[in-house]
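Below is one structure; the comments refer to it alone.
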Amino acid sequence: MVNEIQQFLWVIYPYVALTIFILGLVLRYDRDPWGWTSKSSQILERRMLMWGSIMFHWAFIFVFIGHIMGLLIPISFYESLGIDFASYHIIAFYGGAAAGIISIAGLFVLLARRLINRKVKATSGVDDYFTLSLLLFVMVSGLLNTLGFTLLVGEYDYRSTVGVYIRSLISFRPDVAIISGSPASYQLHTLLGLLFFASIPFTRLVHIFSLPLPYLWRSNIVYRSISKKE
C-alpha cells in the first residue's frame, strides 16, 4: 500500500519540482534574458577558478552521461548488446567513482575560492553558496551510493528500481511502490536531484542551457591592431 508520505514524495513533489523547472526557465528567459548567465568572476581570480571549473565541468559531463545510461536506457537494451550486470557494474563503479571524485574535488576548489579570496567573497551572494552547496550534496550523495553502498552493503542494480521509476515518471505513470522499495540512500539522492532541477531557474545554473554551440561552426574572428600615425 502507498501511504500519504510516499504519495507526496514520489508523485506530488517530483511533478511540482519539474513544473517549477520548466516554467521557471521560460519566465526567467522572458523577464530576465540578460541575467541568463553564469556571472563569471574570472576577472577577480583566475587560477583556482580554472582548476575548479575544469575538474567539475568535465567530470560532471561524464556523471551526466552515466545517469542517462543508467536511468533512461532500459536493462533490456544492454542485454541485447551482450552487456550483463557484472560488466555494466564494473563500468558504472569505476567510471562513476572517478568522475564523482574529480567533480566533487572541483566543487571544493570553487567553494574554497569563494570563502578564502576576499575579492570573490565580497561579490558572492546567497545564490552562489546555495548553488555550490546543493551541487555538493547531490554529488556526495551519489558518490556514497557508488562507493559507500557498494563497498559496505554490496552491488545494487539501481536500474531495476530508480531507473524504472524515473521512466515511469516521464510517462506520467509514477511507480511509487518500486522507488519506495529502493535503499534509503538512493531515495535521498533522487529527491536531491529533483531539488537540483527545481533550483536551476533561480540560480546561475541556467547557463547549462546556454552552451555556445554556434562557436563550433562559425568563422574565425580576425583581430588586427591599428597603429597610430605620428
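The values are calculated or read from the model by the stated rules, or taken from the named source; none is laboratory data. Everything quoted here is computed from the prediction, not taken from an experiment. Virtual Cβ from ideal backbone geometry, glycine too; neighbours counted across all protein chains shown.
Among the residues making up segment 39-53, those that are surrounded by 12 or more Cβ atoms within 10 Å (Cβ to Cβ) and either touching a residue at least 12 places away in the same chain (Cβ under 8 Å) or within 19 Å of residue 203 (Cβ to Cβ) (or both) are 39, 41, 44, 45, 48, 49, 51, 52, 53. A single entry from 124, 199 fulfils the requirement of being among the hydroxyl-bearing types (Ser, Thr, Tyr) and at pLDDT 90 or above: 199. Is there a residue in segment 140-153 that is assigned to a helix (DSSP H, G or I), hydrophobic (A, V, I, L, M, F, W, C), within 24 Å of residue 12 (Cβ to Cβ) and under 19 Å from the mean Cα position of the chain (by Cα)? So far as segment 140-153 goes, no, none of its residues is assigned to a helix (DSSP H, G or I), hydrophobic (A, V, I, L, M, F, W, C), within 24 Å of residue 12 (Cβ to Cβ) and under 19 Å from the mean Cα position of the chain (by Cα). Examine segment 95-102 for a residue that is in contact with a Phe, Trp or Tyr (Cβ under 6 Å, 6 or more places away or on another chain) and modelled with pLDDT of 95 or more, and state whether such a residue exists. Checked segment 95-102: at least one residue is in contact with a Phe, Trp or Tyr (Cβ under 6 Å, 6 or more places away or on another chain) and modelled with pLDDT of 95 or more.
Say whether the condition of being of a type in the set (Lys, Arg), in contact (Cβ under 8 Å) with a residue 12 or more places away in the chain and crowded, with 16+ Cβ neighbours inside 10 Å is met by at least one residue in segment 99-117. So far as segment 99-117 goes, yes, one or more of its residues are of a type in the set (Lys, Arg), in contact (Cβ under 8 Å) with a residue 12 or more places away in the chain and crowded, with 16+ Cβ neighbours inside 10 Å.
Only one entry in 171, 133, 160, 210 is touching a residue at least 60 places away in the same chain (Cβ under 8 Å) and closer than 27 Å to residue 27 by Cα, namely 210.
Residues in segment 131-170 that are out of contact with any His (no Cβ under 9 Å at 6 or more places or on another chain), polar (S, T, N, Q) and closer than 30 Å to residue 207 by Cβ: 131, 133, 146. For residue 162, state whether it is β-branched (Val, Ile, Thr), at pLDDT 90 or above and surrounded by fewer than 18 Cβ atoms within 10 Å (Cβ to Cβ). Here the answer is no, as residue 162 does not meet what is asked.
Take the conditions (1) of a type outside the set (Gly, Ala, Ser); (2) under 21 Å from residue 135 (Cα atoms); (3) over 14 Å from the mean Cα position of the chain (by Cα); residue 5 misses just one of them, which is (2). Mind listing just one residue for me: the one in segment 154-169 that is β-branched (Val, Ile, Thr) and under 18 Å from the mean Cα position of the chain (by Cα) and, of those, farthest from residue 99 (Cα to Cα)? Checking each candidate, the answer is 166. Among the residues of segment 62-80, not a single one is in contact (Cβ under 8 Å) with a residue 12 or more places away in the chain, farther than 21 Å from residue 186 by Cβ and either surrounded by 17 or more Cβ atoms within 10 Å (Cβ to Cβ) or not basic (Lys, Arg) (or both).
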